[in-house]
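Following: one structure in C-alpha cells, then a few remarks.
Bear in mind these aren't lab numbers, they're just calculated from the coordinates by the rules spelled out. Keep in mind it's a predicted model, so treat the numbers as computed, not measured. Reconstructed Cβ throughout: ideal geometry from the backbone, glycine too, with neighbour counts over all protein chains shown.
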Amino acid sequence: MTTLTQLPDDYVQNPHAVHDMLRAEGPVREVRMPRGLKVWLVTRYDEAKIALTAPEISKNVVEGGHLMAVHSSDPEQVRRFEPTFSANMLNLDPPDHTRLRKLVTKAFTARRVELLRPRVQEIAAELISKLNDGDEVDLLDVFAFPLPITVICELLGIPIDNRDDFREWSNQLLSFGTPEQVKAAAGSMAAFLFQHVTAIAEAEPNDTFFSALVHADESGDRLNTEELISMAFLLLVAGHETTVNLIGNAVLSLLQNPDQLQVLKDRPELIPASTEEFLRLEGPVNVATFRYTKEALDLGGVTVPAGEILMVSLVAANRDPERYENPDQLDVTRSAQGHVAFGHGIHFCVGAPLARLEFDVAMTQLLARFPNLTLAAEPETLVWRDSTLIRGLHTLPVRLA
Ligand code: HEM
C-alpha cells in the first residue's frame, strides 16, 4: 500500500524538489496532481525505462481515455482528449502505431534531417539579424519560438503567416486554459488543418515531405483525412512546443552557470554534444504522455493495479542520483547519454534528430553573435508555464550584448 500524496499547487514552479522527495520514498508514488487527477508518478530512472516499455501498459486513448474522468476529483477540470487529434501515433499501440510511425520515420532520419541544416542556419541567421546589442527582449518570442515553428511549418507546407495563431492554439491546448478556451483552440486548429490537408490532397503531388505523406508512401499506404489531420497536429505541436523550451531552458541554465557558459564560448565545438546535457538537466517534456495499466504492473517492488494512469516523469528520471552524479549540476562536458528526455522504447521521439540539429544551430549562432548576453530579470521572478506536460518558461527576458 502506498499513501496518496497531494502535489503542491506550485508544483510546476519547482518540480525538482517534489521529485526528489517522491524519488526518495519509492520508485513510483500515487499522487494527486494540482488539478485533481490521481495518477501513479514514476520518478526513478530504472523504473521509468521499465514503465515506458512494459507490455502491461497501453497508450490507446480510445480504450483508456475514460480513466481521466474516473481518477479525477473534479472531472470538470480534466483535460479531454480532442477527438479530432486523437488518431495519432502517440495515442496508439501496435499495430496501428507501427503503421503510422513507419510513414514518417524515413523523413526524420539523422541523414535526411542533416540536409535541412543550411535552411535552419538561414532561418536562425535571419532572426538574429533583426536583433541588436543592448536590446532587451523575450528570447523565447524573438528567437527560440520562431526558429522551430518556421522549420516545421515549412516541412508541412503551412504558410508562415499562420504561425502566431498556432502558438496561441497550441499554448491553450497544452497548458491549462479554461475548458471553453481549449475547445475554441481545438476547433480553430482542426478547421485550419482540415483546410490545409484538403488543399494539399487536391493539388498536384510534389516532392515536399507533407505532400508525399498526403498522397501515398512508397509501399502505397495512405492516411485517411482524420489520420492526416492528427499527424499534422502532432508534428506541429511536438515540433515546436518542445524545441523552443529546450533552447529557453538551456539559455537560462547557462546564464545561471557562467563558468559553463564560458566553456561553450571558448569551445563552441562542444555545443552539439552538450545538447544531451541540456536535455538531461532541464528537458522540455516533464511527464511522458498518457499511459495506463491494462494489467497490474510491478515497478521496483510496488504494484500498480490495472486501470490506473501511469505518468513517467522524464525530468525526474534524468535527475536520479543513482544514474547521474551531481544530477542537479550543469556540466556541459559530461556524457549525459542514456537520458530519457526523448522518451524510450517504441514511442521514442521521431523528431530527435531535428531537435538536436535545431538546438545546435540555435546555440551556435546565439553565442557567437551575443556572447555576453545576460538575464534581464531576477531569476526568482521567472514564471514557468502552468503545464505538467511541458517544462518551459512563459518568457525569458535577456539583455543582448
Ligand atoms: C527538444 C525537442 C523534443 C523533445 C524533448 C521531444 C520529446 C518527445 C518525447 C518524450 C516523446 C515520447 C512521449 C511518450 O512516450 O509519451 C516524443 C514523441 C514524439 N515526438 Fe518529440 N520531442 C522533441 C522534438 C520533436 C520534434 C522536432 C518533432 C517533429 C518534428 C517531434 C515529433 C515527435 C513525434 C511524432 C512523437 C511520437 C512518436 C511515437 O509515438 O512513436 N518531436 N517526443
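Observations
- Taking GluC sites (Glu not before Pro) across the range 231-322, the ones in a DSSP loop with at most 14 further Cβ atoms lying within 10 angstrom of their Cβ are Glu295, Glu322.
- In a simple Cβ point-charge model (Lys, Arg +1; Asp, Glu -1; nothing else charged), the chain has a dipole of about 560 debye relative to its Cα centre.
- Sparse packing (at most 11 other Cβ atoms within 10 Å of the Cβ) combined with a DSSP loop state is found for the following GluC sites (Glu not before Pro) in the range 155-227: Glu218.
- The calculated FRET efficiency for the pair Gln256 and Lys130, based on their C-beta separation and a Förster distance of 22 Å, comes to about 0.25.
- For the range 206-212, putting each phi into the Karplus relation 6.51 cos²θ - 1.76 cosθ + 1.60 with θ = phi - 60° gives couplings of 10, 8, 6, 4, 6, 4, 4 Hz, in residue order, rounded to whole numbers and with x for Gly and Pro.
- Eigenvalues of the alpha-carbon gyration tensor of the range 163-233, scaled by 5 and square-rooted, set the equivalent ellipsoid semi-axes at 28, 11, 10 angstrom, largest first.
- Cα centroid separation, the range 276-291 to the range 127-193 (Å): 20 Å
- Residue by residue, the range 291-296 carries 3J(HN,Hα) couplings of 9, 9, 8, 6, 10, 4 Hz when phi is fed to the Karplus relation 6.51 cos²θ - 1.76 cosθ + 1.60 (θ = phi - 60°); x denotes Gly or Pro.
- Over all directions, the projected convex hull of the C-alpha atoms in the range 108-152 averages 3.4 nm² in area.
- Using alpha carbons only, the radius of gyration of the chain set against its Kirkwood radius gives Rg/Rh = 0.95.
- For the range 307-367, alpha-carbon Rg over 2.2 N^0.38 Å: 1.36
- Between amide H atoms placed 1.01 Å from N, distances below 5 Å from Arg44 occur with no residue 5 or more places distant or on a separate chain.
- Computed over the range 247-319, the range of Cα coordinates on each principal axis works out to 52, 22, 20 Å, biggest value leading.
- Rounded if a/c under 1.5, otherwise prolate or oblate - the range 343-401, Cα gyration tensor axes: oblate
- When the charge dipole of the range 5-399 is built from unit charges on Cβ atoms (+1 for Lys and Arg, -1 for Asp and Glu) and taken about the Cα centre, the candidate among Leu393, Val197, Val312 whose Cα reaches farthest toward its positive end is Val312.
- With a simple spin-label model that places each label point 7 Å from the Cα along the Cα-to-Cβ direction, the separation between Ala199 and Thr109 comes to 3.2 nm.
- Across the range 5-399, the mean sequence separation of Cα contacts (distance under 8 Å, 6 or more residues apart), normalised by length, yields a relative contact order of 26 percent.
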